[in-house]
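Comments concern the structure below.
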Amino acid sequence: MLPHMSYSQSQRLQSHSSEQNMTQENKQSCFHCGLPIPSGSAYCVNINGNDEPMCCAGCEAVARAIVENGLTDFYQYRSEKTDQARVLVPDELRELELYDRADLQKGFVRETGEHTREASLILEGIVCAACIWLNEQHVKALPGVEDFQVNYSTHRARVIWDNDVINLSQILEAIQAIGYQAHPFDVGRQEQVFKQEKSLAMRRLAVAGLGMMQVMMLAVALYAGAYEGMSDQLKSFLRWVSLLLTTPVVLYSARPFFERAWKDLKRRQAGMDVPVALAIGGAFLASAWATIRGVGDVYFDSVNMFTFFLLTGRYLEMAARHRAGQAAEELVKLLPATATRLEDNEQVRVSVAELTAADRVLIKPGETVPADGVVLEGSSLVDESLLTGESLPLPRKPGDALVGGTVNADSPLVMQVNKVGEDTVLSAIVRLLDRAQTEKPSLARLADKVAGWFVLVLLLLAGLVALWWWQHSPQEAFRVTLSILVVTCPCALSLATPATLSTATGALTRLGVLTTRGHALESLAKVTRLIFDKTGTLTEGRLQLSGVQIPDADASAGRDELISMAAALERSSEHPVAMAFLQAVEGRSVSAAQIKSVPGEGIEGLIEGRIVRLGNPDFVATLVASPVPEVTLDQQQTIVFLGVENTWLGIFSLADKLRVGATDTISSLHALGIQTELLSGDQPGVVETMARQAGISVYQASCSPQDKLQRIQALQARGEIVGMVGDGVNDAPVLAAAQISIAMGSGTQLAQASADMVLLSEQLPHLVIAARVARKTRQVIQQNLAWAVLYNLLALPLAAMGLIAPWMAAIGMSLSSLIVVVNALRLRKLPGAAG
Amino acid sequence: MDILYLLIPLSLLVMGIAIAVFFWAIKSGQYEDLEGPAHRILMDDDDPRIPGNRDKIKPQSGDDS
């Protein structure tokens, strides 16, 4: 580890992003993943007759596997660059074999035949449709795999295989060979429920839709017959057919309305299902009675239309709800499938489900902690980035608590399990997430409340009108009351918000801006001040070489050579500083031997027979044995020294860079009337430079999370609606305190899970688009609500006066709902970021 | 107009079939992924270099994949 790096910097820098190749166009980029190629590397694969360069052994292996299987079309069809591939170490392969154990398979494998098994997999690394094609072709070609299908929307796969021919681990391995990660998962109870709910809703919709089409046709015939003259026999026949068609619609499709209305009545509440159920039930019974007796009017057409349109609205709402629910399921897979239990000092590999409190578990370096517990033996560094966003591993010694889902980074630990399954911190988070996702935005809640009152008033009014008509013209009373119930159905009112929100979130998701909370769009529309985190949010979060100083003018080594030497020393390092050097190499590459790294100081190695050191001044000075030269580079940046015995070779400055479009984003936000602010834990000089470059006038450096929290609370006390844009949750309270939190796509998984929105695209200008969409969404919701109320105010008196026939009422109600939905659909077209 | 007494029951029958087919389609999972097939059709799966297709042309055992 090199000096001059703040902790937060070094953690953020580790996340690489694929847009790197855009900013580094002068350099060659990896054909597979698009990352720049460190010079001197000779990885290359022949694809469609061209030797394509690769950045690492991982990408090379994957590309070769793709070519060998004749799947090179993948490279033509893909629309995004793939993630960088890794070479699997033998340990990981052995880990996969555990999935073949029958006791472990119990959780996620279903036996479908004598030898055939079926399992569901979550696929990681899928970026576009070509990835799915590649996976399907590759896996289906395996002998013994009977079926393999990837769901494009959920990135989940279903595999059916013959257990006598192939093992599950071999399938998983094959998927890893082409650069994707597959995790078997237990198709959760929730997912089963979703699936059933969806197919039931679709069947109801189908019956109602087909029923409506037929009955409407017959209704046209009946209306036309009433003018043109139709034999009573034919009229009666058409009515009977209508009754026959409408019966399943009422009994099957409209059943949820009756059920919910009954529930509402039992709780003495007036939900909007009560008048719906009354209208459908009443109209159907009256029409059926009229058909059987052969006198009076029939309203089958109204019944069908009403049911179908209401069901459509409910279906759209359900689809939006399901999408949100899936995000929570993804979190569950963070826990490993197996753990090493110590039984009388013997190591036994067991499935995590078998662990109980008081078990002793061995966690090897690199393994995930399987449950919550306490360290018994050993001390190590544990990466808790998943939970806290603090990516720098934290020391853990006997007696310290361990949280399930965190990763042991350093040396073996023995832990005592004290909480498993539902009681763990991770499950609690998943539950929290579930709850957050079912939260309705307050506008929707308001609409529900209004609808409740509205319904009550409506029922009273309908009752009064019915009474009046009963006394004055009894034969008209039923028709008029029915019209009132149908025409004033509050469905437009309750459709207004969900239809609009689901359209807007759908459009934003396509752009790469994920909305994870119901209230997100609403809060974003009202936001008055956006607070940015610096590293990784406003900046790319990657160090880049910004300056080279050669202290000894007589030194034989030139700029390029110095960089090559530094890169050679850092070749095997994963540290962000190393990445900066590896990317900067332009001259010939040199190689270093006997590389030793001294944590916190620097790195040493043998280059062309000389010992070379790279690191902080003290570390290098002990080798050079002369005073540290004066640094003329910008002192605010990360400074690294390079030296050999007796000579200071060079001084490098490394700095982070603003993201593409950051400046435009800030000015566009200002144009929208949103204030911006930069709060960073970094040194004042760096923060000032970045803020000035980005065009942010309000900034504060050296902030602790506490300072940030206080700042946000002070702003909120002034009545501001504060939004926070960050890339991790290393300051979880800050994100929680902000009315809306937005996480960057490269942030930790948990940061994304707990944020209200996730900027998956990592493009700052998309923030502006999101803000515009949010405002437009709010407008559309208000228009919709206004329209629904206006419509009802107009229609109610007309219906009460008996001027509206039930069929007109049904059309009117449907039209008003349709207008609401169409108005919402306008949001599908996204506004631009500029202007 | 007497033909209506035949045609309307016939239309009911057709509708019954339509509903049955639709129910079957839902049950067999055709509505679970509404996006994938649109992309899938653009990809060539009949490339002879794909091992699975090679098998179809000349059956062989012990594939190299």
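The values are calculated or read from the model by the stated rules, or taken from the named source; none is laboratory data. The shown structure was predicted, so the numbers you read here are calculated from the model rather than taken from an experiment. Glycine also receives a Cβ, built like all others from the backbone with ideal geometry; neighbour counts cover every protein chain displayed.
Computed values, structure above
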item	result
Test: residue in the range A:798-813 that is in contact with a Ser or Thr (Cβ under 7 Å, 6 or more places away or on another chain) and at pLDDT 80 or above	yes
Residues (within 20 Å of the chain's Cα centre (by Cα) and at pLDDT 80 or above) located in the range A:138-186	A:V150, A:A157, A:Y180, A:A182
Counted residues, the range A:663-686 - those being part of a helix (DSSP H, G or I), more than 19 Å from A:A701 (Cα to Cα), under 26 Å from the mean Cα position of the chain (by Cα) and of a type outside the set (S, T, Y)	2
Counted residues, the range B:22-46 - those being surrounded by 11 or more Cβ atoms within 10 Å (Cβ to Cβ) and more than 10 Å from chain A (Cβ to nearest Cβ)	1
Candidate set from the range A:784-835 (those that are among the β-branched types (V, I, T) and part of a helix (DSSP H, G or I)); member that is farthest from the chain's Cα centre (by Cα)	A:I811
Matching residues, the range A:521-536, being modelled with pLDDT of 80 or more and of a type outside the set (D, E, K, R)	A:L521, A:S523, A:L524, A:A525, A:V527, A:T528, A:L530, A:I531, A:F532
Complete set of residues in the range A:372-398 that are at negative phi, in a loop (DSSP other than H, G, I, E, B) and modelled with pLDDT of 80 or more	A:K397, A:P398
Options A:V698, A:V686, A:V722, A:V734: the member that is out of contact with any Gly (no Cβ under 9 Å at 6 or more places or on another chain) and at pLDDT below 80	A:V686
Residue ID - surrounded by the most Cβ atoms within 10 Å (Cβ to Cβ), chosen from residues in the range A:124-154 that are of a type in the set (D, E, K, R) and within 11 Å of another protein chain (Cβ to nearest Cβ)	A:E136
Cross-chain or 6+ apart pairs with Cβ under 9 Å, the range A:231-247 first and within 17 Å of A:F308 (Cβ to Cβ) and within 12 Å of another protein chain (Cβ to nearest Cβ), then part of a helix (DSSP H, G or I) and of a type in the set (D, E, K, R)	A:S242/A:D301
Condition check for A:S564: modelled with pLDDT of 80 or more and among the hydroxyl-bearing types (S, T, Y)	yes
Evaluation of A:R255 against (1) at pLDDT 90 or above; (2) closer than 18 Å to A:A219 by Cβ (one fails), failing number	(2)
The one condition in (1) more than 9 Å from every other protein chain (Cβ to nearest Cβ); (2) buried (at least 18 other Cβ atoms within 10 Å of the Cβ); (3) of a type in the set (A, V, I, L, M, F, W, C); (4) over 17 Å from B:P9 (Cβ atoms) that A:V193 fails to fulfil	(2)
Enumeration of residues in the range A:64-74 that are more than 9 Å from chain B (Cβ to nearest Cβ) and either in contact with a Phe, Trp or Tyr (Cβ under 7 Å, 6 or more places away or on another chain) or modelled with pLDDT under 80 (or both)	A:I66
Given (1) in contact with a Gly (Cβ under 7 Å, 6 or more places away or on another chain); (2) modelled with pLDDT under 80; (3) surrounded by fewer than 21 Cβ atoms within 10 Å (Cβ to Cβ), number of the condition A:Q326 does not satisfy	(1)
Sole residue being within 12 Å of chain B (Cβ to nearest Cβ) and modelled with pLDDT under 85, chosen from A:G211, A:G225	A:G225
Filter result (surrounded by 14 or more Cβ atoms within 10 Å (Cβ to Cβ) and without any contact (Cβ under 8 Å) to a residue 60 or more places away in the chain) within the range A:107-122	A:T116, A:R117, A:E118
Residues of the range A:468-488 satisfying the condition of being among the hydroxyl-bearing types (S, T, Y) and either under 56 Å from the mean Cα position of the chain (by Cα) or assigned to a helix (DSSP H, G or I) (or both)	A:T481, A:S483, A:T488
A:A221 being outside any helix (DSSP H, G or I) and farther than 29 Å from A:L459 by Cβ	no
Qualifying residue in the range A:621-639 (condition: over 18 Å from A:A568 (Cα atoms), surrounded by 19 or more Cβ atoms within 10 Å (Cβ to Cβ), at pLDDT below 80 and not small (G, A, S))	yes
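Here's the yes/no breakdown for (1) at the interface with chain B (Cβ under 9 Å from one of its Cβ atoms); (2) of a type in the set (D, E); (3) surrounded by fewer than 20 Cβ atoms within 10 Å (Cβ to Cβ); (4) in contact with a His (Cβ under 6 Å, 6 or more places away or on another chain):
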{"site": "A:R156", "(1), (2), (3), (4)": "no, no, no, no"}
{"site": "A:V159", "(1), (2), (3), (4)": "no, no, no, no"}
{"site": "A:S169", "(1), (2), (3), (4)": "no, no, yes, no"}
{"site": "A:A174", "(1), (2), (3), (4)": "yes, no, no, no"}
{"site": "A:A182", "(1), (2), (3), (4)": "no, no, no, no"}
